[in-house]
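Below is one structure, written out as structure tokens; the observations come after it.
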Amino acid sequence: MKIDLTNTTSSKINAALMEARRAGGSTAAGMVLTLVIVTDEGSAYDALKAANDASREHPSRTLAVIKRAGRSPRARAETRLDAEILVGSDAGSGETVVLRMHGELAAHAQSVVLPLLLPDAPVVVWWPENAPLHPAQDPLGSIAQRRITDAVTAESPVGQLAQRAQSYTPGDTDLAWTRITGWRSMLAAALDQRPSHIVSAVVEGESYNPSVELLGLWLHNRLHVPVERVVTGGPGITAVHLRTKDGDITLDRPDGLMGTLSMPGSPDRQVALKRRETAELIAEELRRLDPDDIYSTAVRTPVDRLREPSNAETAAAERVAQAVSEVPVANPDRVTAGAAEKKPAAKKAARKGTEKADEKAAGGSA
């Protein structure tokens with residue numbers, strides 16, 4: 001069932017929802033939370049589709065807030081609320097209300113949303129794109145128990161992680177973190193099967209992917225070892241290597257579908273590690289509404305070393321300086337594939353110089 005309301009109010013929307021529920025033969029809401037999606041017209045369709053799919057696991061009232069302030073002075077002066085109500089099969093297992101706010105009303109979205117929240121039910125706010133700098137201080141974010149952002153949609157995803165670290169408030173989370181749940185589970189299970197002393201780790205993945213950065217930070221925080229970041233062509237995360245004295249524990253996924261888990265002394269195993277859709281990510285985040293302390297630890301790790309080095313020589317110099325100073329590594333090192341390729345050349349030059357020095361010393365003593 002679809003109901004269009006033009007130039008309406010929150011009370012009229014509530015009355016229309018009640019009437020639609022009665023017409024469908026149900027007087028009870030039967031929903032467990034309110035999901036508020038703050039988006040624009042361009043992203044509304046994909047976000048609503050993902051929310052409707054997730055509602056089959058978490059029946060919820062979905063409120064899509066679309067702000068249309070207007071470009072001309074006349075459009076900005078007009079204050080109007082248009083609503084589109086979807087109930088039944090069109091809204092998954094819950095209710096969907098698309099709120100289009102025109103003019104000055106766009107600056108006061110919380111005044112429209114508050115009367116439409118389910119009573120005594122948790123509130124989750126999701127920004128598919130253009131998340132505020134401080135989600136917890138946003139007028140809509142302040143009324144929510146959980147706030148979901150997505151760093152991958154930002155112009156500078158790694159810089160967005162730095163902003164998320166500065167503004168973190170218990171209840172914040174990011175879909176870049178949700179995307180690595182499978183990787184974290186597989187790696188933890190591998191170490192449960194074969195307890196080993198990890199001396200270092202390598203994370204391979206495409207450039208400017210915040211999930212790759214978060215996975216490296218998580219490994220660094222959990223294992224307390226230096227983590228090397230290698231840039232590949234993707235898609236997403238392509239491999240993780242855990243260095244041990246007996247050999248590498250490797251989880252490799254070159255195609256974004258199936259992964260291969262390799263451990264010393266054991267045959268290789270194929271594991272399911274498909275890149276998930278947004279609906280699956282949202283459904284996972286809605287399973288728990290308490291603060292995620294592990295995400296908090298990972299994202300709040302100082303992010304100055306998460307930036308891409310300016311060139312391969314800078315990255316190699318940083319690694320050499322760290323090795324000479326023997327200072328404990330506080331953050332993952334980041335290198336490019338080009339820097340990794342230059343390692344053998346540097347070692348060869350060093351050996352050649354040593355051999356010449358030995359020959360000269362031998363000639364002087366003779």
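The values are calculated or read from the model by the stated rules, or taken from the named source; none is laboratory data. Since this is a predicted model, take the numbers as computed values, not measurements. Glycine gets a Cβ as well: all are built from the backbone with ideal geometry, and neighbour counts include every protein chain shown. Note: accessible area is taken over every heavy atom of the protein model, side chains too, but ligands, DNA and RNA are not part of it. Shrake-Rupley method; radii C 1.70, N 1.55, O 1.52, S 1.80 Å.
Our estimate of slack between ASP293 and ASP40, defined as 0.36 nm per intervening residue step minus the Cα-Cα distance, is 88.0 nm. When a 1.4 Å probe is rolled over the protein heavy atoms, the share of accessible surface on region 47-170 that falls to carbon and sulfur comes to 48 percent. Of all DSSP-defined beta bridges confined to region 103-239, some 15% are antiparallel rather than parallel.
Highest-first packing order for the peptide set 268-276, 250-258 is 250-258, 268-276, based on the mean count of other beta carbon atoms within 10 Å.
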